[in-house]
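These notes concern the structure reproduced below.
What follows is calculated from the coordinates using simple rules that are stated; it is not laboratory data. What you are looking at is a predicted structure, and each value in this text was computed from that prediction instead of being measured. Every residue, glycine as well, gets a Cβ built from its backbone with ideal geometry; the counts of neighbours run over all protein chains shown.
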Amino acid sequence: MTMEPEGIPRHRTNAPNHVYYFDIGTGIWQGTATFRVTSWRRLRRSRIGLTNKLLVTAMHIIERLTGVPRQDSNIVAKPDEGEFGQADNVVRISKFGVTLYLLEEQYVLDSNGTGVTVNGHERLGPVPGLFTRTFTYSAEIRDEGMAATYSMPLLGALWTGDYQVAPDRQSIFAELLCDWGRATEDTRRISAPA
């Protein structure tokens with residue numbers, strides 16, 4: 001176990017990013033994810049490219065026709081890796097057992113106690129290797145580890161994701177917004193590490 005200069009084990013600090021990923025986030029989460037186009041006019045005028053516009057339209061229509069998809073997430077804390085610890089996350093959004101979105105993320109925690117660099121690899125749709133990409137973005141953990149703001153590039157646009165932990169620390173609600181769209185995540189921890 002790595003010790004901080006004060007003799008405190010690294011994963012036992014009160015740094016907001018440690019609280020968010022190691023104390024609260026670690027475990028298996030399940031819930032729902034929604035996706036909606038909020039302005040078709042702004043989407044048409046956006047510069048996200050034809051492929052992203054087709055993907056956005058398909059995602060919107062599929063959810064409207066089949067209902068809200070399921071979201072599963074598994075976060076594994078790795079407090080002794082990197083300069084200030086990191087966590088790995090696999091997010092799967094599915095409907096009728098078919099993967100609609102798969103995201104593998106590595107959260108690299110900054111020693112300032114609030115910053116996070118996120119390295120992500122995503123797949124849109126059920127076909128491996130078809131719509132995939134690797135990317136990096138940032139997050140800021142706030143409110144003593146009870147909230148986070150992510151600035152993430154998705155579907156060719158910059159999204160701001162605001163995540164809020166419930167007072168019982170067992171559920172998280174997120175709202176992600178861009179100029180033309182809105183997505184939500186509503187998840188509850190179903191299993192914590194032993």
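Quick test of your reading of the structure: Glu122 fulfils all but one of (1) within 21 Å of Asn17 (Cα to Cα); (2) of a type in the set (Asp, Glu); (3) under 13 Å from the mean Cα position of the chain (by Cα). Name the failing condition by number.
The failed condition is (1).
If you go through the stretch 63-80 one residue at a time, how many are out of contact with any strand residue (DSSP E or B) (no Cβ under 7 Å at 6 or more places or on another chain) and closer than 24 Å to Thr187 by Cβ?
4
Would you please name the residue that is surrounded by the most Cβ atoms within 10 Å (Cβ to Cβ), looking only at residues in the stretch 20-72 that are part of a helix (DSSP H, G or I) and of a type in the set (Gly, Ala, Ser)?
Once the filter is applied, the top-ranked residue is Gly25.
Would you check which residues across the stretch 154-174 are within 21 Å of Ser94 (Cα to Cα) and out of contact with any strand residue (DSSP E or B) (no Cβ under 6 Å at 6 or more places or on another chain) and list them?
If the condition is that a residue be within 21 Å of Ser94 (Cα to Cα) and out of contact with any strand residue (DSSP E or B) (no Cβ under 6 Å at 6 or more places or on another chain), then Leu154, Leu155 are the ones that fit.
Can you name the residue in the stretch 79-108 that is touching a His at 6+ places or on another chain (Cβ under 7 Å) and within 20 Å of Ala147 (Cα to Cα) and is also surrounded by the fewest Cβ atoms within 10 Å (Cβ to Cβ) among such residues?
Pro79
Can you work out which of the residues in the stretch 139-194 that are of a type in the set (D, E, K, R) and not in a strand (DSSP E or B) is surrounded by the fewest Cβ atoms within 10 Å (Cβ to Cβ)?
Asp168
Determine, yes or no, whether Gln164 is without any contact (Cβ under 8 Å) to a residue 40 or more places away in the chain, of a type in the set (S, T, N, Q) and in contact with a Lys or Arg (Cβ under 8 Å, 6 or more places away or on another chain).
Spelling it out, it is not the case that Gln164 is without any contact (Cβ under 8 Å) to a residue 40 or more places away in the chain, of a type in the set (S, T, N, Q) and in contact with a Lys or Arg (Cβ under 8 Å, 6 or more places away or on another chain).
Condition check: free of Cβ contacts under 8 Å to residues at least 60 places away in the same chain, closer than 15 Å to Tyr21 by Cα, out of contact with any Gly (no Cβ under 9 Å at 6 or more places or on another chain) and not in a helix (DSSP H, G or I). Does Asp88 satisfy that?
It is true that Asp88 is free of Cβ contacts under 8 Å to residues at least 60 places away in the same chain, closer than 15 Å to Tyr21 by Cα, out of contact with any Gly (no Cβ under 9 Å at 6 or more places or on another chain) and not in a helix (DSSP H, G or I).
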